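**Student:** Quick one: the structure is below, questions incoming.
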Amino acid sequence: MHFAVLQFPASNCDQDCVHAARVLGHTSGLVWHKDTSLGAADAVIVPGGFSYGDYLRCGAIARFSPVMQAVKQFAENGGLVIGICNGFQILCEAHLLPGALIRNRDLQFHCEQVFLKTANHDTPFTTHIPSGKILRVPIAHGEGCYFADDDTLAKVQANKQILWQYSDANGALTEKANPNGSVLNIAGIANERFNVAGLMPHPDRASEPLLGSDDGKFIFQSMIAALEKRRTAKAA
């Protein structure tokens, strides 16, 4: 499978995503923010960083990049798109995902390891996460507090669009385990069609044991399995 990894001015996790794909035995390529085509992409990764210096709001300028029109079309056609950290912020700003990411409740930048509980295992981003497995992955953000109005939250909950929630090592959704104040301990969500997802933690920085955890690979392996299933169905 081939992953298209977007690259904006001040992206700093694009190479992490390229490496994660390589570790899993797949190819990837960088797509510059001014490009209008994603090439032969099977899936798209919108990486972390500080796109356009985080001016105005995180992701607010990146949403207008020419490449984002290609991403929107790709998503409308059912393509798999995942946004990580700043990528999550960009997807929310582009209205490809509901809600918004705002300043951490303590107004501090958090760079640490967190635990994630998977809330829905039946999606292209979560099927290969072992049942009961609590993921250990790093975060690095100052505006990672997920927020949405009551109606949006009710809809997201009813549709099971919450994919990951901050928890303790045992899977308890405690306030202490929530590093940024996100409502319902939300760390990552999907759209209604479950082909677009975003999360603040970095699975790309937890793709092999050398990094201290390889739990992030389960998310990418889920995407790869979903893509292979599609390819097999199309060939049948």
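Bear in mind that the values in this text are calculations on the coordinates, not laboratory data. Computed from a prediction, not measured in an experiment: that's the story for all the values here. Glycine gets a Cβ as well: all are built from the backbone with ideal geometry, and neighbour counts include every protein chain shown.
**Student:** Ranked highest first by the average count of other Cβ atoms within 10 Å around their residues, in what order do 81-90, 221-230 fall?
**Tutor:** 81-90, 221-230
**Student:** Between region 5-60 and region 173-236, how many Å separate their Cα centres?
**Tutor:** 16
**Student:** Long-range amide H contacts for GLY188: which residues qualify at under 5 Å (H placed 1.01 Å from N, peptide plane, sequence gap of 5 or more or a different chain)?
**Tutor:** For GLY188, whose amide H was placed from the backbone, the distant partners under 5 Å are LEU163, TRP164.
**Student:** So, one more: Cα gyration tensor of region 2-235, axes a ≥ b ≥ c as square roots of the eigenvalues: rounded (a/c below 1.5), prolate (a/b > b/c) or oblate?
**Tutor:** Here region 2-235 falls in the rounded category.
**Student:** Is it possible to state the helix-based mean residue ellipticity at 222 nm for the chain, with each DSSP H run of 4+ residues giving -39500 (n - 2.57), the sum divided by total residues, to the nearest 500 deg cm²/dmol? What is it?
**Tutor:** The helix contribution divided over the chain gives -7500 deg cm²/dmol.
**Student:** Let me ask something else about it. Shape of region 97-236 from its Cα gyration tensor (a ≥ b ≥ c, root eigenvalues): rounded if a/c is under 1.5, otherwise prolate when a/b > b/c, or oblate?
**Tutor:** In terms of gyration-tensor shape, oblate.
**Student:** Also, quick follow-up: Among ILE162, GLY216, SER28, whose Cα lies farthest out toward the positive end of the dipole of the chain, if unit charges sit on the beta carbon of Lys, Arg (+1) and Asp, Glu (-1)?
**Tutor:** Working it through, the farthest residue towards the positive pole turns out to be SER28.
**Student:** Here is a follow-up. When we measure straight from the Cα of LYS133, which lysines land under 25 angstrom away, once same-chain ones fewer than 8 places off are left out?
**Tutor:** LYS117, LYS160, LYS176, LYS217, LYS229
**Student:** Express the relative contact order of region 2-235 as a whole percentage, based on alpha carbon pairs under 8 Å and six or more residues apart in sequence.
**Tutor:** Relative contact order of region 2-235: 20 percent.
**Student:** Follow-up. Quick one: work out the % antiparallel among DSSP beta bridges in region 2-235, nearest 5.
**Tutor:** 60
**Student:** Per-residue HN-Hα couplings for region 87-99, Karplus 6.51 cos²θ - 1.76 cosθ + 1.60 at θ = phi - 60°, whole Hz, x for Gly and Pro?
**Tutor:** Those phi angles translate into x, 4, 4, 5, 5, 5, 4, 7, 6, 8, 9, x, x Hz.
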